[in-house]
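First the structure, in the form of structure tokens, and then the observations on it.
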Amino acid sequence: MATPAIQSAGSERLLYNYRGTYGQALFPRLVYTAGVRHGALVRRSAAEETPLFLLAQDHRDSSPVLAGQLAAGLSDAGCRVRLLGVVPTPAVARAIARDPAARAGAIITASHNPPQLNGVKFFDERGAVLRPALEHAMIEEVVAACPPGADGFSLRAPQVPGRVEHESTAAVLEEYAQELSHLCAFPEPLRVAIDCRYGLGGCLARRLIGKLGGVERLAILHEEPRPSFRDDAGVFIDPEPRSDNLGELGETIRAGRYDVGLAFDGDADRIVVLDESGAYVDDNHILLSLLLECGGSDRRRAVTVDAALWVGQELARRGLDPVETASGDPFVSAALDGTAGAGGVPNGHYIFASFSPYSDAFLAGAVLLRFVSRLRAAGRTLGDYLGELPRSFRVKKKFPCAEPFEAYADGMAVRAREFLATLFEQVDFLGIDESVVVGRCDIAKLLLRRSRWSNRYEVFSESLVSREEAERHFRDFVQVLGLAH
């Protein structure tokens, strides 16, 4: 494995979760400083001299350097650091939640982003990601201490011997897989195809399927985690699973007559689904299916404001208690805090609070496979079931944005509110989500979102009546907002 060159800080900005291009926005000095600052935070909140911090990494070339610098910073701040090795992100979250001595944790990963990027994702003592307000404040503090172009930094080693220890990666993965295997049993054998996309899903997928049992035929594509995410011919396999790049998985399903296909993102905290025909399944349909299937006595179901209108309606019709959150899995996790409910985002993030407060693609996949197994036992397919679910007509598009986020509330958001008030009695102005203005009624929904992470707007129009209505609302909204279409 090639070791990336150490570079000084460039002018590039971080994206989010300390995520950015290695050697530019994200560099060793910044990650060491993040370790020192977050380590001090953990010591204060835990009120312990040497609180235990669990640290893992993904398989990118830059991850060992960054993990070493984060461990050094945490150790120098007084934490005891336990290195878990290369493990999927949800396994880290679960390891923190399972260990009564752990006070926090992190993983070095850029998830679904290209290999030249990397990042740091921090967790609290419950195994939940830090609340966005706290994380943003910490990032600002760390970035301010590491101005662009700063030179003279040498890689650090922990100053106090014995504060950094290693745990067996194989043991971490085995314990996690064992826990998951006890949660799902299949009444009917399945034929399953999985695409790991050379990401962290390959660390566990085959082992978990073996422990679950009930799978009579298994195909795994792009299984071995590869730092470059490239196949033997040099073709880049995008670690972001999208409907337009899962053609090989679809062909495998059709050729092999598999019952279902699953695809993981780069760090295996998100999952998307293809049905028995190899067709991509609407993430809203998977969200609804999982929230109906997960069972349990707790009826709380958290869905984000950008979920399809009918998701909340159908959950309520089935006697569950849907709550709407801001867009993003940290907000779903917060809404489920203290419950044994479940929730998710219509992009492959699914949280089962009775198991972990963090998105878990392995558990979501296991729950989905159990459901498909029950369908097969009844002589039905996933496609048959999906054909019975509610549907709507939706138009969604992203537009470039020159307006700073701080000006959004008094600018574009106001224009959006004024227009939405002419169509809907129910308009939420930055209340559910500080980045979203949304209007809705029982049969239609119109939403503007200003991305927190990038300079773009997202416009979303939905109608339960007709595509023509969804498209008309979309056109009128975009015109009023002055966005090119």
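The values are calculated or read from the model by the stated rules, or taken from the named source; none is laboratory data. Fair warning: this is a prediction, and the values are worked out from it, not measured in the lab. Neighbour counts run over all protein chains shown; Cβ positions are idealised from the backbone, glycine included.
When restricted to residues that are under 21 Å from Glu314 (Cβ atoms) and free of Cβ contacts under 8 Å to residues at least 60 places away in the same chain, the stretch 267-281 contains 1. What is the residue count in the stretch 155-174 for residues that are among the hydrophobic types (A, V, I, L, M, F, W, C) and under 20 Å from Leu200 (Cα atoms)? Matching residues across the stretch 155-174 total 4. For Glu403, work out the one condition from (1) over 22 Å from the mean Cα position of the chain (by Cα); (2) outside any strand (DSSP E or B); (3) crowded, with 16+ Cβ neighbours inside 10 Å it doesn't fulfil. So the condition that Glu403 fails would be (3).
Can you say whether Arg98 is crowded, with 21+ Cβ neighbours inside 10 Å and closer than 21 Å to Arg131 by Cα, as far as the supplied structure shows? When the stated conditions are applied, Arg98 does not pass them.
Quick grid of which residues meet (1) touching a Cys at 6+ places or on another chain (Cβ under 9 Å); (2) within 30 Å of Gly213 (Cβ to Cβ); (3) surrounded by fewer than 15 Cβ atoms within 10 Å (Cβ to Cβ); (4) among the aliphatic types (A, V, I, L, M):
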position	(1), (2), (3), (4)
His136	no, no, yes, no
Glu165	no, no, yes, no
Thr169	yes, yes, no, no
Glu179	no, yes, no, no
His182	no, yes, yes, no
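Taking the conditions (1) without any contact (Cβ under 8 Å) to a residue 24 or more places away in the chain; (2) more than 19 Å from the chain's Cα centre (by Cα) in turn, Ala133 satisfies each one other than (2). Taking the listed residues Leu288, Leu292, Leu262, Leu309, the one that is among the aliphatic types (A, V, I, L, M), under 25 Å from Asp442 (Cβ atoms) and touching a helix residue (DSSP H, G or I) at 6+ places or on another chain (Cβ under 7 Å) is Leu288, with no other qualifying. Only one of the numbered conditions (1) in contact with a helix residue (DSSP H, G or I) (Cβ under 8 Å, 6 or more places away or on another chain); (2) crowded, with 20+ Cβ neighbours inside 10 Å is not met by Leu386, and that is (2). A residue that is crowded, with 22+ Cβ neighbours inside 10 Å and modelled with pLDDT under 95 can be found somewhere in the stretch 204-219. Going by the conditions given, is Ser451 within 25 Å of Asn284 (Cβ to Cβ), buried (at least 17 other Cβ atoms within 10 Å of the Cβ) and among the polar types (S, T, N, Q)? For Ser451, the condition - within 25 Å of Asn284 (Cβ to Cβ), buried (at least 17 other Cβ atoms within 10 Å of the Cβ) and among the polar types (S, T, N, Q) - is not met.
Going by the conditions given, is His112 without any contact (Cβ under 8 Å) to a residue 12 or more places away in the chain and farther than 20 Å from Leu52 by Cβ?
no
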